[in-house]
1. Quick one: if the Förster radius is 25 Å, what FRET efficiency do residue 66 and residue 88 give, using the C-beta to C-beta distance and rounding to 0.05?
2. So between residue 57 and residue 232, what do we pick up on full extension, going 0.36 nm a residue minus the alpha carbon distance?
3. Any aspartates and glutamates with Cα under 16 Å of the residue 114 Cα? List them, leaving off those in the same chain fewer than 8 positions away.
4. Short version: ³J(HN,Hα) in whole Hz for each residue of region 24-30, in order, from phi by Karplus 6.51 cos²θ - 1.76 cosθ + 1.60 (θ = phi - 60°), x for Gly and Pro, what are they?
5. Name the long-range amide H neighbours of residue 151: under 5 Å, sequence gap of 5 or more, or other chain; modelled H, no Pro or chain starts.
6. Which residues' amide hydrogens lie under 5 Å from the amide hydrogen of residue 263, considering only partners 5 or more residues apart or on another chain, with H built in the peptide plane?
7. For the chain, restrict the atom set to alpha-carbon positions and state the Rg and Dmax in Å.
8. Out of all DSSP beta bridges in the chain, what portion is antiparallel? Express it as a percent rounded to 5.
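Laboratory data are not the source of any read-out in this text; all were calculated from the coordinates shown. These figures come from a predicted structure and were not determined experimentally. Neighbour counts run over all protein chains shown; Cβ positions are idealised from the backbone, glycine included.
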Amino acid sequence: MSPEPTDAVANANATLAAFRLDGRVALITGAGQGIGAATAVAMADVGADVALTARTESDLEAVAEAVRARGRRALVLPGDVNDLDHLAAVVAATTDGLGRLDVLVNNAGGSVSKPFLDTTVKQLESSFHFNVSAAFELSRLAVPSMLDGGGGAIVNIGSVAGRNAGRGTLTHSLTKASVAQLTRLMAADLAPRVRVNGVLPGAVETAALRRWVAPEIRETMASRTAMRRNGTPEDIALAVLYLASPAASWVTGKLLEVDGLAGEDLVPKDIPDL
């Protein structure tokens, strides 16, 4: 016997409810543009209030306006995640201003790689601080508030570059591999009350990518991706939303590759042998 239409609707609503974040508060770094901005809007769409941090206040205000247009609260907290004092202030402002903290998205990060002999310890340490240490410290500061609220979820944004070993990619690949391992180790330490997962994007058409990578190289990146296109910030935001939501309540310590099945050498490089 087929289910009654009302039963089907109720079942569908129950399934969709597992992806909602009503009454939850999410803190998102790098939230002014790209993946961070798309994630903030996606979380507002499913009922979350959001705290936004990035360096450019005008970018954050534009994202906050989009969040508020969806009937959700948005808190704008401009600053640099490299500043550890800023991280403590962000957590305090989030809990004071929005009442709780349930979800943390460590999205801010990035680095520029050079050939091996041109790479310095200072560059490595700077990249590690930005990509790994800042995410660790913000998570460490956020977890007590999550525990006070009964638990939470952390999503770290890494990169498929962390799984590869291409010539001329040392700094970026090394630090993103560290983000992946940090994710697994945090998950082990914080289970069962706080889940920790990672999203590993491939080439994503953000303002930063368009600013730093020439159109012909972006076309090459798309051609070296099995889906024959570069990703969008929304592609990544939806993966983050799943991992942050109750739908992923039995998922922790996992790294979700959202890359269109990218090839290992997305960006062509001409680095000669030594």
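1. Rounded to the nearest 0.05, the efficiency is 0.35.
2. 60.7 nm
3. Reachable aspartates and glutamates: 125, 265, 270, 273.
4. Couplings: 9, 10, 10, 10, 10, 8, x Hz.
5. none
6. Correct list: 225, 226.
7. In order Rg, Dmax, the Cα atoms of the chain give 19.1, 72 Å.
8. Just about 5 percent of them are antiparallel.
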